[in-house]
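Presented below is the structure to which this report refers.
The values are calculated or read from the model by the stated rules, or taken from the named source; none is laboratory data. Bear in mind that the values here come from a model prediction, so they are computed numbers and not experimental data. When we count neighbours, we look across all protein chains shown, and the Cβ atoms used for this are built from the backbone with ideal geometry, even at glycine. Remember, those area values only see protein heavy atoms, side chains included, never the ligands or the DNA or RNA. Shrake-Rupley method; radii C 1.70, N 1.55, O 1.52, S 1.80 Å.
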Amino acid sequence: MAIRRIAVLGGGPGGLYAARLLKLADPRREIDVYEQGEPGRTFGFGVGLASRTQRNLADADPDTLADIVAAAHGHGVEMRVGSRAARINPANLLAIARTSLLDVLRRQAEAAGVPVHFGGRKTAADLDADLLVAADGVSSATRGAAAADFGATIEVGAGLYLWCGTDFALPTAMFAPLTTEHGTFVAHAYPYAPDRSTFLIETDEKTWRNAGFDESTEQTPWDASDEVSIGYLQEAFAEYLRGHHLIGNRTRWLRFRTVRCRSWHHGRTVLLGDAAHTAHYSIGSGTKLAMEDAIALTQALNLDGDLRQLLAHYERQRRPDVAHLQSIAHRSQLWWESFPTRTDLPVEQLTVAYMTRAGKVPVDRFRQASPQVATAALAQYAQVPPADVPAGEVDDWVLSSPLEHGGRRFGSRALAADDPLLPSLVRLEYDLTDAWGAEADALAQRAARDRHDGAAGYLLTGANARDSVLDRLEFAERLRLLTGALVVVEAATEYRPDLVAGLVSGRIDLVALPSTAASNP
Ligand SMILES: Cc1cc2nc3c(=O)[nH]c(=O)nc-3n(C[C@H](O)[C@H](O)[C@H](O)COP(=O)(O)OP(=O)(O)OC[C@H]3O[C@@H](n4cnc5c(N)ncnc54)[C@H](O)[C@@H]3O)c2cc1C
């Protein structure tokens, strides 16, 4: 059956972009978008768009990308801890007001011949079409109404965030922790227009309760902003706000919800964007994923086959990329939720820890992009002057740097097979995926208790898959912070870049490569 009539439920970035691309690919299609909100009004403030996203959009639809770039605002990134700051310049980082992005996408959809109907909440049953594209966001009612068919799971984050804005442009994006009498808050802020910045603030549950925000959250009506929290944080972050106000937009404390679905399509309905999957905001990729879904759906519908085959093809094409980004986002989320534990690191080393937090950016690549910060961090790690850090590739240098720990001196960071230390380490087989969750908590507490007097520290071992190695590095940091003991991670040589990132970021003290750890009992 020809797929002529397409109804798109939701006029967010995913829905609007899908409608335009589907219409451009075949102008004979009758496509309508249904959006419950009004033009110019939406949730949130600015969103970031990384350079890779821009490349993908350029290939799919250069006109739309040109309009997005024209309305966007470029910026660098700064890590600030008190008076210490490290600035990096990731290539081509853009941010854009969500309202501007939606305005561009609506105009482009309409220019392609797609009517956008605003102001009415619709259900799948209201829409008579050959294909229903459900781009109705993280709380998708379409997904909820056919829960068994889509098999959604929703993981709720431990931390809380408050999405605010400000009425001035910060000179650069900024990550800044701040401790009050109630605990630590961390700002993720970035400019997205000449007179606007996003100012998103995170905290942990204990701090949130200590400050009485559990009560203010409860007392805030669904369509209002939590003025108590906004007022408190405006005062706390006054120095960073330079006398400006924090602005709310139905702003309240929320916990991030990670959506995963067993299937993204059922019958004539396909889920797209946040309705199908979400990825923690700290990697700034939810909009990108929604728009790339639209590209993949358009490509799939251009093929021959029946609707079921085409939707299955779309899902097969998209799943690996989405799963990969969700995995990166999960690590990033855990890293930010545990961020206050590592603010004692020198700010340059903290910046390397930030860049390498999800295993996506190796130290060498980061150094090419931000040589000054990376060289300072490497010098801090090895406790040498920056001039002593070699130019070029540094992995060998990192691994061969000596270490003093607990009155012992190690000639390098890689343990030799006959190192007399190995038999005295407490060996832990680690197979958890959330180093900061309850199970890991219990394991870390038990390990701290059980360390007998003679043990200098821990040897973490486990499966030889990359994700398992990254999990070990995360738990190693936890154990190191908790016990102050020496923590050694075992992993195959192919994971050297991850081990090097772990060393420079202070997650581990030493590494045990298999050939060198072979004699370990
Ligand atoms: C705090 C925070 C910060 C973020 N920062 C970034 C960032 O920097 N970069 C980035 O790429 N992503 C970011 N994201 C993620 C991004 O906002 C989403 O991933 C993106 O908006 C998903 O697009 P979408 O089209 O799938 O859904 P949405 O943008 O949620 O759009 C869904 C639309 O459907 C409409 N709708 C819902 N139900 C109905 C109905 N029944 N009838 C009619 N209309 C309906 C809604 O009104 C809405 O307009 C962030 C998210 C959060 C929570």
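Taking only the stretch 94-131 into account, find how many residues are aliphatic (A, V, I, L, M), within 10 Å of the ligand (Cβ to nearest atom) and more than 32 Å from the chain's Cα centre (by Cα). So the count comes out to 1. Scanning the stretch 331-385 for residues that are open to solvent by 10 Å² or more (accessible area, probe 1.4 Å) and touching a His at 6+ places or on another chain (Cβ under 7 Å) yields one hit, Gln333.
For the stretch 279-295, a residue qualifies if it is in a loop (DSSP other than H, G, I, E, B) and either within 6 Å of the ligand (Cβ to nearest atom) or surrounded by fewer than 24 Cβ atoms within 10 Å (Cβ to Cβ) (or both), and the qualifying residues are Gly284, Ser285. Does any residue of the stretch 308-323 turn out to be of a type in the set (A, V, I, L, M), surrounded by 19 or more Cβ atoms within 10 Å (Cβ to Cβ) and within 16 Å of the ligand (Cβ to nearest atom)? Yes, the conditions are met somewhere in the stretch 308-323. Against the test of being surrounded by 15 or more Cβ atoms within 10 Å (Cβ to Cβ), touching a residue at least 40 places away in the same chain (Cβ under 8 Å) and within 12 Å of the ligand (Cβ to nearest atom), the options Ala86, Ala134 yield a single qualifying residue, Ala134. Within the option set Asp396, Asp419, Asp388, being over 32 Å from the mean Cα position of the chain (by Cα), open to solvent by 70 Å² or more (accessible area, probe 1.4 Å) and charged (D, E, K, R) holds for one residue only, Asp388.
Filtering the stretch 57-83 down to residues that are open to solvent by less than 40 Å² (accessible area, probe 1.4 Å) and under 21 Å from the mean Cα position of the chain (by Cα), which residue is farthest from Val47 (Cα to Cα)? Among those residues, the one meeting the criterion is Val81. Scanning the stretch 32-51 for residues that are within 9 Å of the ligand (Cβ to nearest atom) and among the polar types (S, T, N, Q) yields Gln36, Thr42. So, His244, is that one open to solvent by 30 Å² or more (accessible area, probe 1.4 Å), more than 14 Å from the ligand (Cβ to nearest atom) and under 21 Å from Thr153 (Cα atoms) or not? Considered against the rule, which asks whether it is open to solvent by 30 Å² or more (accessible area, probe 1.4 Å), more than 14 Å from the ligand (Cβ to nearest atom) and under 21 Å from Thr153 (Cα atoms), His244 comes out as no. Identify, please: which residue in the stretch 153-164 is open to solvent by less than 40 Å² (accessible area, probe 1.4 Å) and closer than 29 Å to Glu439 by Cα and is, among those, nearest to the ligand (Cβ to nearest atom)? Ranking the qualifying residues of the stretch 153-164, first place goes to Tyr161.
Table: residues versus (1) under 29 Å from the mean Cα position of the chain (by Cα); (2) in a helix (DSSP H, G or I).
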{"position": "Pro423", "(1), (2)": "no, yes"}
{"position": "His452", "(1), (2)": "no, no"}
{"position": "Asn464", "(1), (2)": "yes, no"}
{"position": "Glu474", "(1), (2)": "yes, yes"}
{"position": "Leu481", "(1), (2)": "yes, yes"}
{"position": "Arg496", "(1), (2)": "yes, yes"}
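Which members of the stretch 137-152 meet the condition of being open to solvent by 20 Å² or more (accessible area, probe 1.4 Å) and either among the hydroxyl-bearing types (Ser, Thr, Tyr) or within 11 Å of the ligand (Cβ to nearest atom) (or both)? Those that are open to solvent by 20 Å² or more (accessible area, probe 1.4 Å) and either among the hydroxyl-bearing types (Ser, Thr, Tyr) or within 11 Å of the ligand (Cβ to nearest atom) (or both): Gly137, Val138, Ser139, Ala141, Gly144, Ala145. With the condition kept exactly as written, say whether any residue in the stretch 297-307 is open to solvent by less than 10 Å² (accessible area, probe 1.4 Å) and within 13 Å of the ligand (Cβ to nearest atom). Scanning the stretch 297-307 turns up at least one residue that is open to solvent by less than 10 Å² (accessible area, probe 1.4 Å) and within 13 Å of the ligand (Cβ to nearest atom).
Of the listed requirements (1) away from the ligand (no atom under 15 Å from the Cβ); (2) out of contact with any helix residue (DSSP H, G or I) (no Cβ under 6 Å at 6 or more places or on another chain); (3) without any contact (Cβ under 8 Å) to a residue 60 or more places away in the chain; (4) under 30 Å from Asp126 (Cβ atoms), Arg268 misses just one: (3).
From the set of residues in the stretch 1-31 that are more than 21 Å from Gln309 (Cβ to Cβ) and away from the ligand (no atom under 16 Å from the Cβ), which is surrounded by the fewest Cβ atoms within 10 Å (Cβ to Cβ)? That would be Pro27.
Can you name the residue in the stretch 202-235 that is closer than 25 Å to Gly37 by Cβ and out of contact with any helix residue (DSSP H, G or I) (no Cβ under 9 Å at 6 or more places or on another chain) and is also surrounded by the most Cβ atoms within 10 Å (Cβ to Cβ) among such residues? Among them, the one singled out is Ile230.
Annotation: Asp149 fulfils all but one of (1) more than 18 Å from Tyr281 (Cα to Cα); (2) assigned to a loop (DSSP other than H, G, I, E, B); the unmet one is (2). Among the residues of the stretch 118-131, the ones that are open to solvent by less than 40 Å² (accessible area, probe 1.4 Å) and in contact with a Phe, Trp or Tyr (Cβ under 6 Å, 6 or more places away or on another chain) come to 0 in all.
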